[in-house]
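Working notes for the structure below.
The values are calculated or read from the model by the stated rules, or taken from the named source; none is laboratory data. In this text, all values refer to a predicted model and were calculated from it rather than measured experimentally. Positions of Cβ are generated from backbone atoms using ideal geometry, with glycine treated the same way; all protein chains shown enter the neighbour counts. Just the protein is used for accessible areas: all its heavy atoms, side chains included, with ligands, DNA and RNA removed. Shrake-Rupley method; radii C 1.70, N 1.55, O 1.52, S 1.80 Å.
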Amino acid sequence: MIVIGEKISVIAKKVREALGKKDPKPLQELAVAQDKAGAHFIDISIGPAEENGPELMDWAVKVLQEVVEKPLCLDTTNIKAMEAGLKAHNNAWGVPIINSTSNEPERFPMMELAGKYNAKIIALTLGKGSIPADAEDRCGIAAEIMARAMENGVPMENLFLDPLILQLCTMQDQGLQAIRAVKMFQQLNDPPMQTVVGLSNISNGAPKHVRPIINRNFLTMLIYEGLSAAIIDPLDKDMMDTVKTVDVIMGKKMYAHSYLDM
Amino acid sequence: MALVIPKETYSGKIYSIQLGSGAKAVTIGGASALPFLGFEGTFPNRPAVALEVMDIAPDDWPETLKKAIGSAGSNPVQWAKFCQQSGADMVALRLMGTHPDQKNKSPEEAAKIAAEVAAAIDIPLMILGSGHAEKDTQVLQAAAAATRGKNCAIGKAVEENYKTVAAAAMANDHKLIAMSQLDVNLAKQLNILLTQMGFDKERIIMDPMSSALGYGLEYTYSVMERIRLAALLQNDPMMQTPIVCDIGANVWKVKETMAPDAEMPEWGGLEDRALAWESVTASAMITAGADMLIMRHPGAAAKAKEVISELMG
(Lines give C-alpha, C1' and ligand atoms only; values in the text may rest on other atoms or scores of the structure.)
Protein backbone atom coordinates (compact mmCIF):
# COMPACT_ATOMS: atom_id res chain seq x y z
CA MET A 1 0.00 0.00 0.00
CA ILE A 2 1.16 3.52 -0.79
CA VAL A 3 2.05 5.50 2.32
CA ILE A 4 1.69 9.29 2.19
CA GLY A 5 3.53 10.77 5.19
CA GLU A 6 1.36 13.34 6.96
CA LYS A 7 3.81 14.86 9.45
CA ILE A 8 4.55 18.14 7.62
CA SER A 9 1.25 19.81 8.32
CA VAL A 10 0.48 23.41 9.09
CA ILE A 11 -1.72 22.13 11.92
CA ALA A 12 1.42 21.14 13.86
CA LYS A 13 2.89 24.07 15.78
CA LYS A 14 6.48 23.22 14.90
CA VAL A 15 5.66 23.11 11.18
CA ARG A 16 3.56 26.29 11.33
CA GLU A 17 6.45 28.16 12.95
CA ALA A 18 8.99 26.79 10.47
CA LEU A 19 6.78 27.82 7.54
CA GLY A 20 6.32 31.28 9.09
CA LYS A 21 10.06 31.83 9.56
CA LYS A 22 11.05 29.99 6.37
CA ASP A 23 13.26 27.79 8.50
CA PRO A 24 13.95 24.68 6.35
CA LYS A 25 15.51 22.53 9.07
CA PRO A 26 12.44 21.24 10.99
CA LEU A 27 10.67 20.46 7.71
CA GLN A 28 13.67 18.70 6.24
CA GLU A 29 14.12 16.62 9.40
CA LEU A 30 10.51 15.47 9.24
CA ALA A 31 10.85 14.66 5.54
CA VAL A 32 14.00 12.59 6.05
CA ALA A 33 12.51 10.71 9.02
CA GLN A 34 9.35 9.84 7.07
CA ASP A 35 11.37 8.82 4.02
CA LYS A 36 13.49 6.46 6.15
CA ALA A 37 10.37 5.04 7.79
CA GLY A 38 9.04 3.96 4.40
CA ALA A 39 6.78 6.78 3.15
CA HIS A 40 6.31 6.75 -0.62
CA PHE A 41 5.11 10.36 -0.79
CA ILE A 42 5.76 13.23 1.64
CA ASP A 43 2.73 15.45 2.23
CA ILE A 44 3.41 19.18 2.51
CA SER A 45 0.43 21.01 3.96
CA ILE A 46 0.71 24.80 4.03
CA GLY A 47 -2.98 25.53 4.59
CA PRO A 48 -4.73 28.30 2.62
CA ALA A 49 -1.63 30.55 2.86
CA GLU A 50 -3.57 33.52 1.57
CA GLU A 51 -0.76 36.04 1.84
CA ASN A 52 2.22 34.33 0.27
CA GLY A 53 0.92 30.97 -0.96
CA PRO A 54 2.79 30.54 -4.27
CA GLU A 55 6.09 31.75 -2.88
CA LEU A 56 5.74 29.60 0.26
CA MET A 57 4.87 26.40 -1.64
CA ASP A 58 7.68 26.97 -4.14
CA TRP A 59 10.14 27.33 -1.25
CA ALA A 60 8.77 24.33 0.68
CA VAL A 61 8.86 21.98 -2.31
CA LYS A 62 12.45 22.93 -3.10
CA VAL A 63 13.77 22.59 0.46
CA LEU A 64 12.08 19.21 0.92
CA GLN A 65 13.36 17.78 -2.34
CA GLU A 66 16.85 18.91 -1.42
CA VAL A 67 16.89 16.17 1.23
CA VAL A 68 14.52 13.43 0.01
CA GLU A 69 14.43 11.77 -3.39
CA LYS A 70 10.67 11.23 -3.18
CA PRO A 71 7.65 12.77 -4.83
CA LEU A 72 5.53 15.11 -2.72
CA CYS A 73 1.83 15.35 -1.98
CA LEU A 74 0.99 19.05 -2.27
CA ASP A 75 -1.66 20.02 0.22
CA THR A 76 -3.28 23.45 0.01
CA THR A 77 -6.63 24.98 -0.92
CA ASN A 78 -4.81 27.86 -2.61
CA ILE A 79 -4.90 27.27 -6.38
CA LYS A 80 -1.99 29.60 -7.16
CA ALA A 81 0.12 27.98 -4.45
CA MET A 82 -0.70 24.55 -5.86
CA GLU A 83 0.43 25.60 -9.32
CA ALA A 84 3.66 27.04 -7.91
CA GLY A 85 4.30 23.74 -6.12
CA LEU A 86 3.72 21.71 -9.28
CA LYS A 87 6.15 23.96 -11.18
CA ALA A 88 8.82 23.63 -8.50
CA HIS A 89 8.43 19.87 -8.10
CA ASN A 90 11.27 17.64 -9.34
CA ASN A 91 9.48 14.86 -11.23
CA ALA A 92 12.68 12.84 -11.57
CA TRP A 93 11.66 11.12 -8.32
CA GLY A 94 8.04 10.57 -9.33
CA VAL A 95 4.91 12.48 -10.18
CA PRO A 96 3.47 14.68 -7.39
CA ILE A 97 -0.02 14.34 -5.94
CA ILE A 98 -2.45 17.25 -5.75
CA ASN A 99 -4.26 17.17 -2.39
CA SER A 100 -7.08 17.74 -3.25
CA THR A 101 -10.11 18.31 -5.45
CA SER A 102 -13.73 17.42 -4.70
CA ASN A 103 -17.15 17.96 -6.21
CA GLU A 104 -17.28 21.50 -4.82
CA PRO A 105 -16.99 24.07 -7.65
CA GLU A 106 -14.25 26.05 -5.89
CA ARG A 107 -12.05 22.93 -6.09
CA PHE A 108 -12.57 22.29 -9.81
CA PRO A 109 -9.43 24.26 -10.80
CA MET A 110 -7.35 21.63 -9.00
CA MET A 111 -8.48 19.08 -11.59
CA GLU A 112 -7.46 21.48 -14.37
CA LEU A 113 -4.01 21.65 -12.81
CA ALA A 114 -3.79 17.85 -12.69
CA GLY A 115 -4.46 17.78 -16.41
CA LYS A 116 -2.08 20.61 -17.20
CA TYR A 117 0.84 19.21 -15.15
CA ASN A 118 0.06 15.49 -15.61
CA ALA A 119 -0.05 15.12 -11.82
CA LYS A 120 -1.83 12.56 -9.65
CA ILE A 121 -4.76 13.95 -7.72
CA ILE A 122 -6.79 13.06 -4.63
CA ALA A 123 -10.54 13.61 -5.06
CA LEU A 124 -12.71 13.82 -1.97
CA THR A 125 -16.18 12.46 -2.69
CA LEU A 126 -17.70 15.51 -1.14
CA GLY A 127 -20.26 17.60 -2.98
CA LYS A 128 -21.81 20.94 -2.45
CA GLY A 129 -23.87 21.13 0.70
CA SER A 130 -24.05 18.21 3.09
CA ILE A 131 -21.70 15.31 3.69
CA PRO A 132 -22.39 12.09 1.76
CA ALA A 133 -24.96 9.85 3.41
CA ASP A 134 -23.62 6.43 2.47
CA ALA A 135 -21.38 4.49 0.06
CA GLU A 136 -23.88 4.80 -2.81
CA ASP A 137 -23.96 8.57 -2.37
CA ARG A 138 -20.13 8.62 -2.49
CA CYS A 139 -20.14 6.57 -5.71
CA GLY A 140 -22.50 9.05 -7.36
CA ILE A 141 -20.15 11.90 -6.51
CA ALA A 142 -17.16 9.81 -7.64
CA ALA A 143 -18.75 9.30 -11.06
CA GLU A 144 -19.15 13.05 -11.51
CA ILE A 145 -15.53 13.61 -10.50
CA MET A 146 -14.36 10.92 -12.91
CA ALA A 147 -16.25 12.59 -15.76
CA ARG A 148 -14.59 15.90 -14.87
CA ALA A 149 -11.18 14.20 -14.82
CA MET A 150 -11.78 12.93 -18.36
CA GLU A 151 -12.83 16.40 -19.54
CA ASN A 152 -9.56 17.74 -18.17
CA GLY A 153 -7.41 15.02 -19.70
CA VAL A 154 -6.58 13.38 -16.36
CA PRO A 155 -6.12 9.62 -16.91
CA MET A 156 -8.05 7.43 -14.49
CA GLU A 157 -4.83 5.94 -13.09
CA ASN A 158 -3.85 9.40 -11.84
CA LEU A 159 -7.04 9.78 -9.83
CA PHE A 160 -7.27 8.65 -6.18
CA LEU A 161 -10.85 8.56 -4.88
CA ASP A 162 -11.17 9.47 -1.19
CA PRO A 163 -14.41 8.29 0.48
CA LEU A 164 -14.10 11.04 3.11
CA ILE A 165 -13.44 9.55 6.51
CA LEU A 166 -15.70 10.90 9.26
CA GLN A 167 -15.30 10.51 12.97
CA LEU A 168 -16.41 7.28 14.54
CA CYS A 169 -17.35 8.77 17.89
CA THR A 170 -20.17 10.91 16.49
CA MET A 171 -21.08 9.16 13.20
CA GLN A 172 -20.59 5.53 13.98
CA ASP A 173 -22.21 4.15 10.81
CA GLN A 174 -19.94 6.22 8.53
CA GLY A 175 -16.88 4.04 9.17
CA LEU A 176 -18.52 1.07 7.52
CA GLN A 177 -19.90 3.27 4.72
CA ALA A 178 -16.36 4.45 3.93
CA ILE A 179 -15.13 0.84 3.81
CA ARG A 180 -17.99 -0.10 1.46
CA ALA A 181 -17.20 2.93 -0.69
CA VAL A 182 -13.54 1.86 -1.07
CA LYS A 183 -14.75 -1.50 -2.35
CA MET A 184 -17.35 0.04 -4.69
CA PHE A 185 -15.03 2.76 -6.08
CA GLN A 186 -12.79 0.09 -7.54
CA GLN A 187 -15.68 -1.26 -9.59
CA LEU A 188 -16.22 2.08 -11.32
CA ASN A 189 -13.44 1.41 -13.80
CA ASP A 190 -11.30 -1.30 -15.35
CA PRO A 191 -8.49 -1.34 -14.27
CA PRO A 192 -9.90 -0.58 -10.80
CA MET A 193 -9.87 2.99 -9.53
CA GLN A 194 -7.25 3.86 -6.94
CA THR A 195 -8.42 4.85 -3.50
CA VAL A 196 -6.98 6.89 -0.63
CA VAL A 197 -8.02 7.93 2.87
CA GLY A 198 -6.97 10.52 5.40
CA LEU A 199 -6.98 7.87 8.07
CA SER A 200 -6.78 9.65 11.40
CA ASN A 201 -10.10 11.43 10.91
CA ILE A 202 -11.77 8.21 11.95
CA SER A 203 -10.57 8.64 15.54
CA ASN A 204 -11.00 12.40 15.85
CA GLY A 205 -12.66 13.22 19.13
CA ALA A 206 -11.82 9.86 20.72
CA PRO A 207 -9.58 9.66 23.82
CA LYS A 208 -5.88 9.87 23.03
CA HIS A 209 -5.03 6.32 24.11
CA VAL A 210 -7.85 4.86 22.00
CA ARG A 211 -7.04 6.72 18.78
CA PRO A 212 -4.13 4.59 17.53
CA ILE A 213 -6.14 1.42 18.13
CA ILE A 214 -9.09 2.70 16.11
CA ASN A 215 -6.75 3.93 13.37
CA ARG A 216 -4.87 0.66 12.97
CA ASN A 217 -7.91 -1.59 12.95
CA PHE A 218 -9.76 0.66 10.55
CA LEU A 219 -6.77 0.69 8.21
CA THR A 220 -6.59 -3.12 8.26
CA MET A 221 -10.23 -3.34 7.15
CA LEU A 222 -9.70 -0.75 4.42
CA ILE A 223 -6.62 -2.51 3.00
CA TYR A 224 -8.53 -5.76 2.98
CA GLU A 225 -11.12 -4.13 0.75
CA GLY A 226 -8.38 -2.96 -1.62
CA LEU A 227 -7.36 0.51 -0.42
CA SER A 228 -4.43 1.75 -2.56
CA ALA A 229 -3.04 4.57 -0.42
CA ALA A 230 -3.37 6.21 2.99
CA ILE A 231 -2.28 9.50 4.46
CA ILE A 232 -0.80 8.38 7.76
CA ASP A 233 2.04 8.96 10.22
CA PRO A 234 4.92 6.76 9.03
CA LEU A 235 6.82 7.50 12.25
CA ASP A 236 4.18 5.52 14.15
CA LYS A 237 5.89 2.14 14.21
CA ASP A 238 2.79 0.22 15.23
CA MET A 239 0.97 1.74 12.27
CA MET A 240 3.73 0.84 9.81
CA ASP A 241 3.94 -2.68 11.26
CA THR A 242 0.20 -3.01 10.63
CA VAL A 243 0.60 -1.87 7.02
CA LYS A 244 3.48 -4.30 6.43
CA THR A 245 1.71 -7.21 8.08
CA VAL A 246 -1.52 -6.71 6.17
CA ASP A 247 0.47 -6.39 2.92
CA VAL A 248 2.14 -9.74 3.69
CA ILE A 249 -1.15 -11.44 4.58
CA MET A 250 -2.70 -10.05 1.40
CA GLY A 251 0.21 -11.47 -0.62
CA LYS A 252 1.39 -8.06 -1.81
CA LYS A 253 4.82 -8.47 -0.19
CA MET A 254 6.83 -11.63 0.18
CA TYR A 255 7.15 -12.95 3.72
CA ALA A 256 10.56 -13.18 5.43
CA HIS A 257 11.15 -13.45 9.18
CA SER A 258 12.46 -9.89 9.22
CA TYR A 259 9.75 -8.40 7.04
CA LEU A 260 8.96 -5.76 9.69
CA ASP A 261 12.50 -4.37 9.34
CA MET A 262 12.10 -3.64 5.65
CA MET B 1 -8.92 -3.84 -35.76
CA ALA B 2 -5.24 -4.25 -35.04
CA LEU B 3 -4.26 -6.86 -32.49
CA VAL B 4 -2.94 -5.26 -29.30
CA ILE B 5 -0.65 -7.55 -27.35
CA PRO B 6 -1.45 -7.23 -23.65
CA LYS B 7 1.59 -6.08 -21.74
CA GLU B 8 2.48 -6.35 -18.09
CA THR B 9 4.00 -3.25 -16.52
CA TYR B 10 6.73 -3.90 -14.00
CA SER B 11 7.63 -1.57 -11.15
CA GLY B 12 10.92 -3.27 -10.25
CA LYS B 13 14.19 -4.07 -11.97
CA ILE B 14 17.06 -6.52 -11.37
CA TYR B 15 20.35 -4.97 -10.24
CA SER B 16 23.30 -5.07 -12.62
CA ILE B 17 26.49 -6.53 -11.21
CA GLN B 18 29.91 -6.35 -12.80
CA LEU B 19 32.51 -9.04 -12.20
CA GLY B 20 36.16 -8.92 -13.12
CA SER B 21 37.73 -5.92 -14.83
CA GLY B 22 39.08 -4.78 -18.16
CA ALA B 23 37.97 -5.94 -21.58
CA LYS B 24 36.83 -9.36 -20.33
CA ALA B 25 34.74 -8.05 -17.42
CA VAL B 26 31.24 -9.52 -17.28
CA THR B 27 28.07 -7.67 -16.29
CA ILE B 28 24.99 -9.66 -15.33
CA GLY B 29 21.43 -8.69 -14.38
CA GLY B 30 19.64 -5.49 -15.29
CA ALA B 31 16.44 -7.14 -16.58
CA SER B 32 13.28 -5.05 -16.32
CA ALA B 33 10.78 -7.78 -17.25
CA LEU B 34 10.26 -11.51 -16.82
CA PRO B 35 12.89 -13.53 -18.72
CA PHE B 36 13.20 -12.73 -22.42
CA LEU B 37 9.86 -10.91 -22.72
CA GLY B 38 11.57 -8.32 -24.85
CA PHE B 39 8.27 -6.61 -25.74
CA GLU B 40 7.76 -5.77 -22.05
CA GLY B 41 11.19 -4.70 -20.93
CA THR B 42 14.90 -4.60 -21.61
CA PHE B 43 17.64 -7.16 -21.09
CA PRO B 44 20.92 -5.25 -21.24
CA ASN B 45 23.10 -8.23 -20.27
CA ARG B 46 23.17 -11.82 -21.43
CA PRO B 47 23.37 -14.62 -18.84
CA ALA B 48 27.00 -15.56 -18.19
CA VAL B 49 28.26 -19.13 -18.37
CA ALA B 50 31.02 -20.14 -15.97
CA LEU B 51 32.97 -23.36 -16.27
CA GLU B 52 33.94 -25.10 -13.08
CA VAL B 53 37.48 -25.82 -11.96
CA MET B 54 38.60 -27.50 -8.72
CA ASP B 55 41.71 -27.15 -6.58
CA ILE B 56 42.11 -30.92 -6.77
CA ALA B 57 42.06 -33.32 -9.72
CA PRO B 58 38.55 -34.34 -10.81
CA ASP B 59 39.13 -37.98 -9.89
CA ASP B 60 35.55 -38.57 -8.71
CA TRP B 61 33.95 -36.87 -11.74
CA PRO B 62 32.32 -39.06 -14.41
CA GLU B 63 34.47 -40.32 -17.30
CA THR B 64 32.71 -38.14 -19.89
CA LEU B 65 33.87 -35.04 -18.01
CA LYS B 66 37.39 -36.29 -17.36
CA LYS B 67 37.79 -37.05 -21.04
CA ALA B 68 36.65 -33.56 -22.02
CA ILE B 69 39.00 -31.86 -19.57
CA GLY B 70 41.93 -34.13 -20.31
CA SER B 71 45.33 -33.52 -18.76
CA ALA B 72 44.42 -29.93 -17.80
CA GLY B 73 42.52 -31.39 -14.84
CA SER B 74 45.70 -32.23 -12.97
CA ASN B 75 46.54 -28.56 -12.40
CA PRO B 76 44.01 -25.86 -11.42
CA VAL B 77 45.84 -23.13 -13.34
CA GLN B 78 46.01 -25.20 -16.55
CA TRP B 79 42.39 -26.21 -16.04
CA ALA B 80 41.27 -22.58 -15.66
CA LYS B 81 43.16 -21.61 -18.82
CA PHE B 82 41.53 -24.52 -20.61
CA CYS B 83 38.08 -23.20 -19.55
CA GLN B 84 38.97 -19.74 -20.82
CA GLN B 85 40.10 -21.19 -24.15
CA SER B 86 36.88 -23.22 -24.33
CA GLY B 87 34.89 -19.99 -24.48
CA ALA B 88 33.63 -19.71 -20.89
CA ASP B 89 32.56 -16.23 -19.78
CA MET B 90 33.91 -16.91 -16.31
CA VAL B 91 35.79 -19.49 -14.26
CA ALA B 92 34.22 -20.93 -11.10
CA LEU B 93 36.96 -22.23 -8.80
CA ARG B 94 35.52 -24.65 -6.28
CA LEU B 95 37.91 -25.26 -3.38
CA MET B 96 36.71 -28.81 -2.88
CA GLY B 97 40.10 -29.95 -1.59
CA THR B 98 39.58 -27.96 1.61
CA HIS B 99 36.65 -30.13 2.71
CA PRO B 100 37.54 -32.13 5.85
CA ASP B 101 36.30 -35.31 4.13
CA GLN B 102 38.40 -34.58 1.05
CA LYS B 103 42.03 -33.49 1.35
CA ASN B 104 41.32 -31.08 4.23
CA LYS B 105 43.63 -28.52 2.62
CA SER B 106 44.48 -25.46 4.67
CA PRO B 107 42.97 -22.03 3.94
CA GLU B 108 46.50 -20.86 3.02
CA GLU B 109 46.89 -23.57 0.36
CA ALA B 110 43.46 -22.72 -1.03
CA ALA B 111 44.27 -19.01 -1.09
CA LYS B 112 47.49 -19.65 -2.99
CA ILE B 113 45.65 -21.61 -5.67
CA ALA B 114 42.94 -18.96 -5.91
CA ALA B 115 45.56 -16.26 -6.43
CA GLU B 116 47.37 -18.31 -9.08
CA VAL B 117 44.16 -19.03 -10.96
CA ALA B 118 43.11 -15.38 -10.80
CA ALA B 119 46.48 -14.32 -12.19
CA ALA B 120 46.39 -16.86 -15.03
CA ILE B 121 43.06 -15.81 -16.58
CA ASP B 122 41.62 -12.52 -17.76
CA ILE B 123 37.95 -13.55 -17.55
CA PRO B 124 36.23 -13.02 -14.15
CA LEU B 125 36.61 -15.52 -11.34
CA MET B 126 34.09 -16.99 -8.94
CA ILE B 127 35.49 -18.57 -5.79
CA LEU B 128 33.39 -21.22 -4.09
CA GLY B 129 34.09 -23.06 -0.85
CA SER B 130 33.63 -26.78 -0.47
CA GLY B 131 30.17 -26.34 1.03
CA HIS B 132 31.37 -27.13 4.57
CA ALA B 133 29.85 -24.08 6.29
CA GLU B 134 32.38 -23.90 9.11
CA LYS B 135 35.56 -24.57 7.13
CA ASP B 136 34.37 -22.27 4.33
CA THR B 137 34.55 -19.25 6.63
CA GLN B 138 38.35 -19.57 6.95
CA VAL B 139 38.91 -20.76 3.40
CA LEU B 140 36.88 -17.98 1.81
CA GLN B 141 38.41 -15.33 4.06
CA ALA B 142 41.90 -16.35 2.95
CA ALA B 143 40.94 -16.74 -0.72
CA ALA B 144 39.09 -13.40 -0.77
CA ALA B 145 42.12 -11.62 0.65
CA ALA B 146 44.49 -13.34 -1.80
CA THR B 147 42.42 -12.19 -4.78
CA ARG B 148 41.73 -8.66 -3.55
CA GLY B 149 41.13 -6.23 -6.40
CA LYS B 150 40.04 -8.95 -8.84
CA ASN B 151 36.34 -8.18 -8.33
CA CYS B 152 35.40 -11.85 -7.89
CA ALA B 153 32.16 -13.45 -6.74
CA ILE B 154 32.76 -15.17 -3.39
CA GLY B 155 30.51 -17.82 -1.88
CA LYS B 156 28.52 -19.42 -0.84
CA ALA B 157 27.27 -17.49 2.14
CA VAL B 158 24.63 -19.56 3.92
CA GLU B 159 22.56 -19.07 7.05
CA GLU B 160 25.26 -20.66 9.25
CA ASN B 161 28.21 -18.57 8.05
CA TYR B 162 26.93 -15.51 6.20
CA LYS B 163 28.45 -12.97 8.58
CA THR B 164 32.04 -14.08 8.09
CA VAL B 165 31.76 -14.80 4.38
CA ALA B 166 30.06 -11.47 3.71
CA ALA B 167 32.69 -9.65 5.79
CA ALA B 168 35.42 -11.30 3.70
CA ALA B 169 33.75 -10.21 0.46
CA MET B 170 33.18 -6.71 1.79
CA ALA B 171 36.73 -6.24 3.10
CA ASN B 172 38.26 -7.31 -0.20
CA ASP B 173 35.83 -5.60 -2.54
CA HIS B 174 34.30 -8.75 -3.99
CA LYS B 175 30.70 -9.63 -4.82
CA LEU B 176 28.86 -12.22 -2.73
CA ILE B 177 26.89 -15.35 -3.58
CA ALA B 178 24.19 -16.02 -0.98
CA MET B 179 22.50 -19.41 -0.99
CA SER B 180 19.33 -20.58 0.68
CA GLN B 181 17.71 -23.97 0.32
CA LEU B 182 14.89 -23.81 -2.22
CA ASP B 183 12.78 -21.43 -0.19
CA VAL B 184 11.76 -17.95 -1.35
CA ASN B 185 11.11 -16.68 2.15
CA LEU B 186 14.48 -17.85 3.46
CA ALA B 187 16.18 -16.38 0.37
CA LYS B 188 14.63 -13.02 1.15
CA GLN B 189 15.48 -13.36 4.83
CA LEU B 190 19.17 -14.03 4.08
CA ASN B 191 19.31 -10.96 1.86
CA ILE B 192 17.70 -8.86 4.60
CA LEU B 193 20.21 -10.14 7.18
CA LEU B 194 23.12 -9.37 4.84
CA THR B 195 21.79 -5.89 4.20
CA GLN B 196 21.34 -5.30 7.91
CA MET B 197 25.01 -6.05 8.54
CA GLY B 198 25.88 -3.31 6.07
CA PHE B 199 26.44 -5.41 2.96
CA ASP B 200 25.28 -3.53 -0.14
CA LYS B 201 22.29 -5.40 -1.60
CA GLU B 202 23.45 -4.45 -5.08
CA ARG B 203 26.54 -6.65 -4.58
CA ILE B 204 24.64 -9.84 -3.78
CA ILE B 205 24.03 -12.70 -6.22
CA MET B 206 21.31 -15.09 -5.10
CA ASP B 207 21.67 -18.88 -5.38
CA PRO B 208 18.21 -20.43 -4.98
CA MET B 209 19.82 -23.92 -4.88
CA SER B 210 19.80 -25.79 -8.14
CA SER B 211 19.02 -29.32 -9.12
CA ALA B 212 19.26 -31.53 -12.20
CA LEU B 213 16.66 -32.30 -14.83
CA GLY B 214 14.48 -35.08 -13.45
CA TYR B 215 15.65 -34.52 -9.90
CA GLY B 216 13.57 -31.61 -8.64
CA LEU B 217 14.43 -29.04 -11.30
CA GLU B 218 10.84 -27.83 -11.24
CA TYR B 219 11.23 -26.73 -7.60
CA THR B 220 14.17 -24.51 -8.51
CA TYR B 221 12.22 -23.25 -11.49
CA SER B 222 9.20 -22.25 -9.44
CA VAL B 223 11.33 -20.67 -6.68
CA MET B 224 13.07 -18.56 -9.34
CA GLU B 225 9.74 -17.60 -10.85
CA ARG B 226 8.43 -16.42 -7.49
CA ILE B 227 11.63 -14.49 -6.80
CA ARG B 228 11.32 -12.68 -10.14
CA LEU B 229 7.61 -11.93 -9.66
CA ALA B 230 8.35 -10.37 -6.25
CA ALA B 231 11.29 -8.44 -7.70
CA LEU B 232 9.53 -7.09 -10.77
CA LEU B 233 5.82 -6.86 -9.94
CA GLN B 234 6.02 -6.14 -6.20
CA ASN B 235 9.20 -4.09 -6.54
CA ASP B 236 10.75 -5.94 -3.60
CA PRO B 237 14.33 -4.63 -3.29
CA MET B 238 15.45 -7.74 -1.38
CA MET B 239 14.52 -9.96 -4.32
CA GLN B 240 16.11 -7.86 -7.07
CA THR B 241 19.55 -9.46 -7.02
CA PRO B 242 20.78 -11.46 -10.02
CA ILE B 243 20.48 -15.26 -9.74
CA VAL B 244 23.21 -17.87 -10.15
CA CYS B 245 22.43 -21.53 -10.87
CA ASP B 246 25.04 -24.05 -9.82
CA ILE B 247 24.00 -26.88 -12.10
CA GLY B 248 27.08 -28.85 -13.11
CA ALA B 249 27.59 -30.25 -9.62
CA ASN B 250 24.02 -31.57 -9.62
CA VAL B 251 23.82 -32.81 -13.18
CA TRP B 252 27.02 -34.87 -13.10
CA LYS B 253 25.85 -36.88 -10.11
CA VAL B 254 22.75 -38.40 -11.65
CA LYS B 255 22.46 -41.75 -13.35
CA GLU B 256 21.62 -40.26 -16.74
CA THR B 257 25.08 -38.66 -16.99
CA MET B 258 26.96 -41.76 -15.81
CA ALA B 259 25.25 -45.01 -16.86
CA PRO B 260 27.29 -46.63 -19.69
CA ASP B 261 25.70 -47.42 -23.06
CA ALA B 262 25.63 -51.15 -22.30
CA GLU B 263 23.67 -50.68 -19.07
CA MET B 264 20.96 -48.45 -20.57
CA PRO B 265 20.94 -49.01 -24.34
CA GLU B 266 17.43 -47.49 -24.69
CA TRP B 267 18.74 -44.16 -23.28
CA GLY B 268 21.09 -43.51 -26.18
CA GLY B 269 24.84 -43.05 -26.15
CA LEU B 270 26.32 -41.84 -22.85
CA GLU B 271 28.27 -38.87 -24.13
CA ASP B 272 25.42 -37.27 -26.11
CA ARG B 273 22.97 -38.08 -23.35
CA ALA B 274 25.16 -36.60 -20.60
CA LEU B 275 25.86 -33.41 -22.54
CA ALA B 276 22.18 -33.08 -23.34
CA TRP B 277 21.35 -33.51 -19.65
CA GLU B 278 23.56 -30.62 -18.62
CA SER B 279 22.59 -28.32 -21.50
CA VAL B 280 18.84 -28.97 -21.12
CA THR B 281 19.08 -28.34 -17.38
CA ALA B 282 20.92 -25.12 -18.20
CA SER B 283 18.34 -23.97 -20.74
CA ALA B 284 15.52 -24.52 -18.24
CA MET B 285 17.34 -22.33 -15.72
CA ILE B 286 18.06 -19.71 -18.39
CA THR B 287 14.36 -19.45 -19.24
CA ALA B 288 13.54 -19.21 -15.52
CA GLY B 289 15.76 -16.13 -15.27
CA ALA B 290 19.26 -17.35 -14.34
CA ASP B 291 21.82 -14.56 -14.79
CA MET B 292 24.81 -16.83 -14.30
CA LEU B 293 25.35 -20.59 -14.67
CA ILE B 294 28.04 -22.81 -13.25
CA MET B 295 28.62 -25.74 -15.62
CA ARG B 296 31.15 -28.51 -15.99
CA HIS B 297 31.30 -29.76 -19.58
CA PRO B 298 32.69 -27.30 -22.18
CA GLY B 299 30.47 -28.85 -24.86
CA ALA B 300 27.32 -28.43 -22.76
CA ALA B 301 28.39 -24.88 -21.90
CA ALA B 302 28.75 -24.11 -25.61
CA LYS B 303 25.21 -25.43 -26.17
CA ALA B 304 23.90 -23.25 -23.32
CA LYS B 305 25.56 -20.23 -24.90
CA GLU B 306 23.82 -21.03 -28.19
CA VAL B 307 20.46 -21.11 -26.40
CA ILE B 308 21.27 -17.74 -24.81
CA SER B 309 22.22 -16.24 -28.17
CA GLU B 310 18.99 -17.40 -29.76
CA LEU B 311 16.85 -16.11 -26.88
CA MET B 312 18.62 -12.76 -26.75
CA GLY B 313 18.09 -12.33 -30.49
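Tabulated data
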{"item": "Separation of alpha-carbon centers, the range A:165-226 and the range B:46-80, rounded to whole Å", "result": "63 Å"}
{"item": "Over the range B:225-313, volume per residue of the alpha carbon convex hull, in Å³", "result": "103 Å³"}
{"item": "13 Å cut-off, amide nitrogen to a point 7 angstrom out along A:Val95 Cα→Cβ, residues in the range A:189-225", "result": "A:194"}
{"item": "Surrounding net charge for A:Ala18, when Lys and Arg each add one and Asp and Glu each subtract one, Cβ distance under 10 Å", "result": "+3"}
{"item": "Förster radius 56 Å - calculated FRET efficiency between B:Ser309 and A:Met171 (Cβ-Cβ, nearest 0.05)", "result": "0.25"}
{"item": "Peptide-level mean, for B:185-196, of C-beta atoms on other protein chains within 10 Å", "result": "4"}
{"item": "Relative frequency of Cα-Cα separations exceeding 27 Å in chain A, percent", "result": "35 percent"}
{"item": "Relative contact order for chain B, counting Cα pairs under 8 Å that sit 6 or more residues apart, in percent", "result": "20 percent"}
{"item": "Residue-wise HN-Hα coupling along the range B:41-46, computed from phi with Karplus coefficients 6.51, -1.76, 1.60 (Hz; x: Gly, Pro)", "result": "x, 10, 10, x, 10, 7"}
{"item": "Gaussian network model of chain A, Cα within-10 Å springs - most flexible of A:Phe160, A:Phe108, A:Phe41", "result": "A:Phe108"}
{"item": "Long-range HN-HN contacts of A:Thr195 with modeled amide H, under 5 Å", "result": "A:Leu161, A:Ser228, A:Ala229"}
{"item": "Hydrodynamic radius by Kirkwood, which averages 1/r over all alpha carbon pairs of the range B:45-312, in angstrom", "result": "18.5 Å"}
{"item": "Dimensionless Rg/Rh of the range B:19-116 - Kirkwood Rh, Rg from C-alpha atoms", "result": "1.09"}
{"item": "With eigenvalues of the C-alpha gyration tensor scaled by 5 and rooted, the protein assembly as shown, Å", "result": "56, 25, 21"}
{"item": "For the range B:104-202, radius of gyration divided by Kirkwood radius, i.e. Rg to Rh on alpha-carbons", "result": "0.97"}
{"item": "Total accessible area lost when A and B pair, probe 1.4 Å, Å² to nearest 100", "result": "1000 Å²"}
{"item": "Accessible surface of chain A [probe 1.4 Å, protein heavy atoms]: carbon and sulfur percent", "result": "54 percent"}
{"item": "Around A:Pro109: net Lys/Arg minus Asp/Glu count, Cβ-Cβ under 14 Å", "result": "-1"}
{"item": "Accessible surface of chain B, 1.4 Å probe, proportion on carbon and sulfur as whole %", "result": "53 percent"}
{"item": "Reduction of at least 10 Å² in accessible surface, 1.4 Å probe, comparing all protein chains with the chain by itself, residues of the range A:215-262", "result": "A:Gly251, A:Lys252, A:Lys253, A:Met254, A:Tyr255, A:Ala256, A:His257, A:Ser258, A:Asp261, A:Met262"}
{"item": "Inter-label distance, nm, simple model (7 Å from Cα along the C-beta direction), A:Met221/A:Gln187", "result": "1.9 nm"}
{"item": "The range B:45-312 - accessible surface per residue (Å², probe 1.4 Å)", "result": "38 Å²"}
